[in-house]
Amino acid sequence: MPIKIEKKITGYEVVKKEEQAAKPADHNVVHMHEQIGRPEMLLGSTYKLKTPLTEHAMYVTVNDIVLNQGTPYEKRRPFEIFINSKSMDHFQWVVALTRVVSAVFRKGGDVTFLVEELRSVFDPRGGYFKKGRYTPSLVAELGDIIECHLRMIGLISTEGLDEHRQKLLAEKRADYDARQKLATGGDSAGSFPADASLCGKCSTKAVIKMDGCLTCLNCGESKCG
C-alpha cells in the first residue's frame with residue numbers, strides 16, 4: 001500500500017537486509033506498564049529490618065514479575081512491596097507507603113529514583129547508627145533495602161572501587177591496624193576506631209586522620225584525593 005509523504009524530507013538512510021534482520025523485534029518485547037495483570041505467582045525476596053527505634057523487627061518483602069520469560073529479552077522487574085511487623089505503631093503510614101511504592105513499580109520506567117527520595121527523609125527526632133553507619137530515618141533505611149533489591153535484580157549497577165582504590169584502602173587499613181596493635185598491645189583489626197568521624201560519602205563512622213589526611217577506612221574517600 002503506497003504511503004503519501006506530506007512533510008519535507010530532511011534526510012534518508014538505506015537499511016541493509018542483514019541489519020534489519022539483526023534488529024530485535026521490539027514490538028514483541030513486553031515492557032513494564034500499569035496494565036499488566038498480576039500473575040498467580042511472583043518471585044519474592046524478604047529483608048529483615050531491625051532498628052533502635054522499634055521494639056519489633058519489620059520484614060520487607062519485594063515481589064518481582066518476570067517479563068519475556070524464556071526469551072533473550074527476559075528481565076525481572078519489581079511489582080509490589082509489603083511490610084509486616086508485630087508492632088502496629090506505624091501501621092497507617094506503612095500501608096500508605098507500600099501502596100504508593102507498589103503503584104510506582106507497576107507504572108514501569110525508571111523506578112530507581114525511589115531510593116534517593118526515601119533516603120532524603122529525615123526523622124525530626126534524629127536518626128540512628130547501625131553497624132557504624134548513620135541512617136537518618138526508618139524510611140531512609142527502607143530506601144536502602146529497595147536499593148539492595150534493585151541491585152540484586154540488575155536495575156542498579158554494582159559499581160565498586162577500582163583496583164587502585166581498593167589497594168590504597170587496604171594499605172591504609174593495614175597501616176592503621178598495625179599502629180593500633182603497637183599502641184594497645186592487642187589486635188583491634190576488623191573494626192573502625194571509636195573516635196572516627198562520619199564519612200559524608202558512605203555515612204559510616206570510619207574517617208580518621210592518617211599522614212595529615214582525612215581518610216575513610218570504609219569507602220576510601222579522602223580529602224587528599
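The values are calculated or read from the model by the stated rules, or taken from the named source; none is laboratory data. In this text the structure is predicted, and so the values were computed from the model without any measurement. With ideal geometry, Cβ positions are generated from the backbone for all residues, glycine too; neighbour counts draw on all protein chains shown. The area values use the complete protein model at the heavy-atom level, side chains included, leaving out ligands, DNA and RNA. Shrake-Rupley method; radii C 1.70, N 1.55, O 1.52, S 1.80 Å.
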Requested in this report: Please identify the pairs in which a residue from the stretch 30-57 that is in contact (Cβ under 8 Å) with a residue 12 or more places away in the chain has its Cβ atom under 7 Å from the Cβ atom of a residue that is loosely packed, with under 11 Cβ neighbours inside 10 Å and part of a strand (DSSP E or B), counting only partners at least 6 apart or on another chain.
Outcome: 57/48
Query raised in the report: Residues 122, 129: which one is modelled with pLDDT under 95 and in contact with a Ser or Thr (Cβ under 7 Å, 6 or more places away or on another chain)?
Result: 122
Report summary line: By residue number, the members of the stretch 103-134 that are among the aliphatic types (A, V, I, L, M) and assigned to a loop (DSSP other than H, G, I, E, B) are 111, 121
Report summary line: When (1) within 21 Å of residue 109 (Cβ to Cβ); (2) touching a Lys or Arg at 6+ places or on another chain (Cβ under 8 Å) are applied to residue 78, the one that fails is (2)
Report task. Working only within the stretch 106-122, note down all residues that are surrounded by 13 or more Cβ atoms within 10 Å (Cβ to Cβ), of a type outside the set (Gly, Ala, Ser) and touching a residue at least 60 places away in the same chain (Cβ under 8 Å). Result -> 106
Query raised in the report: Can we say residue 74 is open to solvent by less than 30 Å² (accessible area, probe 1.4 Å), closer than 20 Å to residue 33 by Cβ and in contact with a strand residue (DSSP E or B) (Cβ under 8 Å, 6 or more places away or on another chain)?
Result: no
Query raised in the report: Applying the selection to the stretch 48-69, what residues are in a loop (DSSP other than H, G, I, E, B), polar (S, T, N, Q) and open to solvent by less than 70 Å² (accessible area, probe 1.4 Å)?
Result: 51, 54, 68
Query raised in the report: Does at least one position in the stretch 194-216 carry a residue that is in a loop (DSSP other than H, G, I, E, B), over 30 Å from residue 102 (Cα atoms) and at pLDDT 75 or above?
Result: yes
**Report entry** Residue that is farthest from residue 58 (Cα to Cα), among those in the stretch 88-105 that are among the small types (Gly, Ala, Ser) and open to solvent by 30 Å² or more (accessible area, probe 1.4 Å)
**Finding:** 103
